[in-house]
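This report concerns only the one structure given below.
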Amino acid sequence: MSDIEELVGELKVKIIQTLGLIDVGPEDIKDDAQLVGGDMGIDSIDVLELVMMIEKDYGVKIESKELGVKVFASVRALAAHIAKNQKKG
């Protein structure tokens with residue numbers, strides 16, 4: 001399994017926990033499904049919570065709305081952004 005695939009799985013769990021999604025399991029979130037404005041009903045407040053979680057857990061900042069739109073396009077896009085920008089410890 002690639003690092004991105006592992007990160008995608010990890011992020012699904014963190015998204016569910018961070019947003020308190022009750023009837024959603026990691027298997028319910030498709031890797032390439034639209035995150036914001038998609039089936040899960042994630043809104044701008046949720047995005048702020050996710051941005052804070054990503055900064056805290058991964059040390060990756062999402063500094064502009066334009067970047068956020070691209071990064072939150074899907075779980076896979078988010079994982080790719082984190083993998084590319086994460087500081088190697």
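Quick look at the values:
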{"quantity": "Debye, to nearest 20: dipole size of the chain, +1 on Lys, Arg Cβ, -1 on Asp, Glu Cβ", "calculated": "460 debye"}
{"quantity": "Residue pairs, from the table Lys12/Lys70; Lys65/Lys87; Lys61/Lys87, whose Cα atoms sit over 20 Å apart", "calculated": "Lys65/Lys87"}
{"quantity": "Relative contact order for the chain, counting Cα pairs under 8 Å that sit 6 or more residues apart, in percent", "calculated": "36 percent"}
{"quantity": "Computed [θ] at 222 nm, deg cm²/dmol, the chain (DSSP H ≥ 4; -39,500 (n - 2.57); rounded to nearest 500)", "calculated": "-17500 deg cm²/dmol"}
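Taken together, the values in this text are just the output of simple stated rules run on the coordinates, not laboratory data. Keep in mind it's a predicted model, so treat the numbers as computed, not measured. Heads up, the Cβs are rebuilt from the backbone with ideal geometry, glycines too, and the neighbour counts pull from every protein chain shown.
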